[in-house]
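Read through the structure below, which is laid out as structure tokens, and then see the notes.
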Amino acid sequence: MADLLLDTGPFVALLDRSERSHLRCLEFFQGFRGRLFTTEAVLTEVVYLLGPSFQAQQPALELVLQGGAELLPMSQALLERCLGLMAKYADIPMDYADATLVAVAEERQIRDIFTLDLRGFSTYRLSPRKPFRIQPPAF
């Protein structure tokens, strides 16, 4: 596994010790060897969920700034793809942050995702109909 997408749930769990998945996500993260990617939409969700204080939000920003995860930019084409994905998965529903991850996964051909959202990412498919490989494996 060389490239891995980072979703909101484990990103928050890595930084917030009170999260019930903190240890599980931390162990996986510490053992991961490869490149970790995320999107600005995910980072925005993480910062919001960590709380309103700078002290709570700072570790998320520092993780990206120190190279723990690389932010992938959204292009006009990716934004259009997000719109199509959100319409396609409206019954789940798919939020914008999830749509950005699926869109960049398709563009960069990344099938592995570090997520706690089993419902969403077990349902979402990459073109053509390939499922995501969810990390860490369910226990």
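The values are calculated or read from the model by the stated rules, or taken from the named source; none is laboratory data. The structure presented is a predicted model; accordingly, all values stated were derived computationally and were not measured. Please note: Cβ atoms are built from the backbone with ideal geometry, for glycine as well, and neighbour counts cover all protein chains shown. Side chains are part of the model used for accessible areas, which takes the heavy atoms of the whole protein and leaves out ligands, DNA and RNA. Shrake-Rupley method; radii C 1.70, N 1.55, O 1.52, S 1.80 Å.
Summary table below
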| item | result |
| --- | --- |
| Helical contribution to [θ] at 222 nm, DSSP H n ≥ 4, -39,500 (n - 2.57), averaged over the chain, rounded to 500 | -15500 deg cm²/dmol |
| From phi via Karplus (6.51, -1.76, 1.60), per-residue ³J(HN,Hα) for region 77-89 in Hz, x at Gly/Pro | 5, 5, 4, 4, 5, 4, 4, x, 5, 5, 5, 4, 9 |
| Listed residues Thr123, Thr115, Thr38, most fluctuating in the chain (Gaussian network, C-alpha, under 10 Å) | Thr123 |
| Assigned charges on the beta-carbon of Lys, Arg, Asp, Glu; the chain dipole about Cα centre (debye) | 500 debye |
| Kirkwood Rh, Cα atoms: Rg over Rh of the chain | 0.94 |
| For Gln55, net neighbour charge (Lys/Arg +1, Asp/Glu -1) across residues whose Cβ lies under 13 Å away | -2 |
| Within a Gaussian network of the chain (alpha carbon springs, distance under 10 Å), most fluctuating of Phe54, Phe37, Phe11 | Phe54 |
| Mean separation of Cα contacts under 8 Å, 6 or more apart, over the residue count of region 12-83: relative contact order % | 30 percent |
| Amide hydrogen neighbours beyond the local backbone of Asp3, cut-off 5 Å, H modeled | Arg35 |
| Accessible area per residue, Å², the chain with all protein chains present, probe 1.4 Å | 57 Å² |
| Alpha-carbon gyration tensor eigenvalues x 5, square-rooted, for region 64-117, Å | 20, 14, 10 |
| Karplus 3J(HN,Hα) series, Hz, for region 105-122 with 6.51 cos²θ - 1.76 cosθ + 1.60 (x for Gly, Pro) | 4, 5, 5, 9, 6, 10, 9, 8, 9, 8, 9, 10, 8, 5, 4, x, 7, 7 |
| Pairwise centroid distance, computed over Cα atoms, of region 97-135 with region 1-36, Å | 16 Å |
| The chain, accessible surface, carbon-and-sulfur percent (1.4 angstrom probe) | 54 percent |
| Candidates Arg108, Arg35, Arg125: whichever shows maximal mean-square fluctuation once the chain is modelled as a Gaussian network with Cα springs under 10 Å | Arg108 |
